[in-house]
Amino acid sequence: MTLQFHDTKDVDWEQILQLQRSAPWSKHRSLEQLKKAIDHSQLLITAWEDGKLIACARVLTDYVYRAVVFDVIVHSGFQGKGIGRELMRQVIEHPSLREVEYLFLYTQDKEEFYRRIGWDEYSGKSFRFMNKRSPNLPAK
């Protein structure tokens, strides 16, 4: 497997739309909506294998206090291979997020996965926010 990660918003729009539509919670999204969401996000991390988009995550942030991770998707054929774990490492360790105090993420059904990789449950009844103090800042 030749796995590569990129942090550019210059993507193959058809592939990212297909990846988004592979997740039950984002399958209704239009290409126009997706382009706008990505354009207004500060960071998009994508994972590619041999020219095929297999995973993505996007981030909204103020670069100081908070960053929120959205739309974490790993293509179903590639789940269970450590790609989600590496994708999240790429997000957490991204140079533009190194000074962000707290990272949050929105998930509907992957709480156990995020707990296993070090995220903590934050709050919610119909949804969960998870947070993780940045490992790049000194302990309080």
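Quick one: what pairs do we get from the stretch 94-120, first residue of a type in the set (Ser, Thr, Tyr), second surrounded by 13 or more Cβ atoms within 10 Å (Cβ to Cβ) and assigned to a strand (DSSP E or B), C-beta under 6 Å, 6+ apart or different chains?
102/66; 102/131; 106/70; 107/128; 114/130
Go through the stretch 58-81 and report how many residues are outside any strand (DSSP E or B), at pLDDT below 95 and either open to solvent by less than 50 Å² (accessible area, probe 1.4 Å) or not small (Gly, Ala, Ser) (or both).
Adding up the residues that qualify gives 6.
Could you check the stretch 87-140 and list, in sequence order, the residues that are closer than 13 Å to residue 72 by Cα, modelled with pLDDT under 90, polar (S, T, N, Q) and surrounded by 14 or more Cβ atoms within 10 Å (Cβ to Cβ)?
107
Restricting the stretch 1-57 to residues that are open to solvent by less than 40 Å² (accessible area, probe 1.4 Å), of a type outside the set (Val, Ile, Thr) and assigned to a loop (DSSP other than H, G, I, E, B), which is farthest from residue 103 (Cα to Cα)?
30
The values are calculated or read from the model by the stated rules, or taken from the named source; none is laboratory data. All figures in this text were calculated on a predicted structure; none of them were measured in a lab. As a convention, Cβ positions derive from the backbone with ideal geometry for all residues, glycine included, and neighbour counts pool all protein chains shown. We work out accessible area using only protein heavy atoms, side chains counted, and drop any ligands, DNA or RNA first. Shrake-Rupley method; radii C 1.70, N 1.55, O 1.52, S 1.80 Å.
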